[in-house]
Amino acid sequence: MASYPVRNDSRIVLHLDYDCFYASVFEVEQPILKTLPLAVQQKQIVVTCNYEARRRGLHKLQLIRDAKRICPDVVIVLGEDLTKFRNASKDLYLFVKDFVWGGRVEKLGFDELSLDVTEMIDYNVGVLNPHDLPSSFFHLDRTDPTVGFAYDAARFEGQTDPPSPEGCGSASSLGLSSLEVRLRIASHLAGYLRAQLEHVKGYTATGGISTSKLLAKLVGNLHKPNSQTTLLPPYEATENNSQGNVIQFLDAHEIRKIPGIGSRLAQKLKDHVAGDDATDDKVTVKDVRLFPGMGPVLLEKILRGPGAPRGIGMRMWNILHGVDSAEVLEARDLPTQISIEDSYGRLDSLDSVRRELAILAKSLIRRMRTDLLDKTDPTTPLGRWLAHPRTLRLSTRPRLPPDSDTGRTYSASRISRSTPLPPFVFALDENIDGLAERLVQEAVLPVFRKLHPDKAGWALSLMNIAVTNLVESAGDQKQSSGRDIGKMFRQQESRAVPGSRTPPVLVDPRGAANDLLDAWDAWEETDEPLPGRMCPRCEARIPDFAWQAHEMYHSSVD
Ligand code: TTP
Ligand code: MG
């Protein structure tokens, strides 16, 4: 087959995924926990556990009851209040971003980062001494040549895929600016950043190094935990390596494991390639790529449908070949929206709806004050709004009647409606409770009535209120000054088990922002096969008891 044009000389991207993130947050607070099997509980579920617990047979999304049976001395901590995870996530993000020239660090969920380090790598290629690669010095600061670390540029740090024979390819035989040399240097930067995260902040992370967000994330998954992997060149077809390593690496992946290919797209591809009766078969990238007649035109035909972006065939064809042009988004100092939601057994009366909306509205205003206020200016002691959201959106999700065969209840999809956000919510001298009540009365309930014109019987299993359409206040574009960037996040998210008595949670808008329909899913499947039913978002099989938790984990705003 002809070589596919993989651009391999453009960006260098690192992907970092903190190991057992929620559990690590507790371990950092109380280091003694590191030596013990530790599980984080939300409702009756282990949402994550440390690697000591995993060695003893525990895994994510397991019933607490089972965890205790399998490992009676497991230490269980409560993880329903997300504040500490959110704070840790923000702190680690700012810590990492400080190292990266240009601040091109993107947060993917609470516990993953994508870093575009091209500029740093190319600068460091420029100062390499090709005659003495083992005594190289990585410059972390262009203006102060003493800031950095010593490293051996003749070898990769960590693992490579495929494994690289030690010392292969000297810089002189490859050319200093070859992709291999650039990735080698990047692997040392990844190793350095991971070591800093561990020694300064107490968190271990798993790393991936390649030329795009897609490839860096996927290759990082190969060696977990506390390790890193570089996708080794050649990326394009060569005489000796007929396909190139990108195709070889990607081809073996199940189609639904590719970030950017959500469940709906994956199902359509599977149906086409394997036929309708083979839904449980694993269809790989290779199966799709080499299917007779496959190409952008056929892909467009297969994937076309409501909601599918134009040109999806070409984009999918690119992804199947590892060509991902999505940029690492430059850190923004403001979120794109703030969204709070909670789920319920069944909300039916106006009183209960009003009460729960007031709780959500309080959280929303509190969150707006945390994320959108600049409190650094002593002349405005109450703070100054950095941005004003213009729109208020209410989403709800009704519960469907129980399935007549199984008796199980399922939820319908979300419905939502928007209205202008009343400006009184920005009053800083009024208390949050009062503002929230007024917001519910004057804005949220009228929208609710439009969404649900019937007087009762809504059987709501979820409500979400969000402020969107943020307009930054004049003079607050601090991006260019490089000072205040990243004080807030472009993406806010949470993965939590919802429930009427747990604090309402902030929601991840990744799904909405993603280029190729569904979100980048950070979720790794557990090693053990789980009973239960298939998640329509990521197609993981989720046990019934963990269903709510898992749904919430995705929690993207539809
Ligand atoms: P993951 O990245 O899936 O898991 P992890 O970081 O705990 O473990 P690993 O070392 O395998 O990467 O999820 C990140 C956090 O999100 C996790 O610590 C707990 C939380 N989470 C939920 O709240 N609900 C869920 O359903 C899952 C899977 C995770
Ligand atoms: Mg993780």
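The values are calculated or read from the model by the stated rules, or taken from the named source; none is laboratory data. From a predicted model like this one, the values you see are computed outputs, not experimental measurements. FYI the Cβ positions are ideal-geometry reconstructions off the backbone, even for glycines, and counts take in every protein chain you see. Just so you know, the surface numbers come from the protein's heavy atoms only, side chains and all, with ligands and any DNA or RNA stripped out. Shrake-Rupley method; radii C 1.70, N 1.55, O 1.52, S 1.80 Å.
Side notes on the structure shown:
- Tabulated pairs, region 344-368, first touching a residue at least 24 places away in the same chain (Cβ under 8 Å) and closer than 9 Å to residue 460 by Cβ, second in a helix (DSSP H, G or I) and of a type in the set (Phe, Trp, Tyr), C-beta under 9 angstrom, 6+ apart or interchain: 353/448
- Inside region 428-443, residues that are in a loop (DSSP other than H, G, I, E, B) and more than 33 Å from the chain's Cα centre (by Cα) make up a count of 3.
- Qualifying residue in region 173-194 (condition: among the acidic types (Asp, Glu) and either farther than 27 Å from residue 285 by Cα or within 16 Å of ligand 2 (Cβ to nearest atom) (or both)): no
- Region 207-255 - residue that is crowded, with 24+ Cβ neighbours inside 10 Å and among the hydroxyl-bearing types (Ser, Thr, Tyr) and, of those, farthest from residue 112 (Cα to Cα): 235
Yes/no matrix, rows are residues, columns are (1) more than 16 Å from ligand 2 (Cβ to nearest atom); (2) buried (at least 20 other Cβ atoms within 10 Å of the Cβ); (3) not aromatic (Phe, Trp, Tyr):
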residue	(1), (2), (3)
65	yes, no, yes
70	yes, no, yes
78	yes, no, yes
83	yes, no, yes
92	no, yes, yes
95	yes, no, no
98	yes, no, yes
102	yes, no, yes
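- Scanning region 205-227 for residues being within 14 Å of ligand 2 (Cβ to nearest atom) and either closer than 21 Å to residue 319 by Cα or touching a Lys or Arg at 6+ places or on another chain (Cβ under 7 Å) (or both) gives a total of 7.
- Members of region 8-52 that are near ligand 1 (Cβ under 8 Å from one of its atoms) and out of contact with any strand residue (DSSP E or B) (no Cβ under 9 Å at 6 or more places or on another chain): 51
- The residue list 81, 98 contains one member that is of a type in the set (Asp, Glu), out of contact with any helix residue (DSSP H, G or I) (no Cβ under 8 Å at 6 or more places or on another chain) and within 23 Å of residue 366 (Cα to Cα), which is 81.
- Checked against (1) assigned to a loop (DSSP other than H, G, I, E, B); (2) open to solvent by 10 Å² or more (accessible area, probe 1.4 Å), residue 322 passes all but a single condition, namely (2).
- Scanning region 327-357 for residues that are open to solvent by less than 50 Å² (accessible area, probe 1.4 Å), modelled with pLDDT under 85 and among the polar types (S, T, N, Q) yields a single hit, 337.
- Subset of region 138-155 that is assigned to a loop (DSSP other than H, G, I, E, B) and of a type in the set (A, V, I, L, M) - its residue that is surrounded by the most Cβ atoms within 10 Å (Cβ to Cβ): 153
- Residue match in region 412-421 (condition: part of a loop (DSSP other than H, G, I, E, B), free of Cβ contacts under 8 Å to residues at least 24 places away in the same chain and under 26 Å from the mean Cα position of the chain (by Cα)): yes
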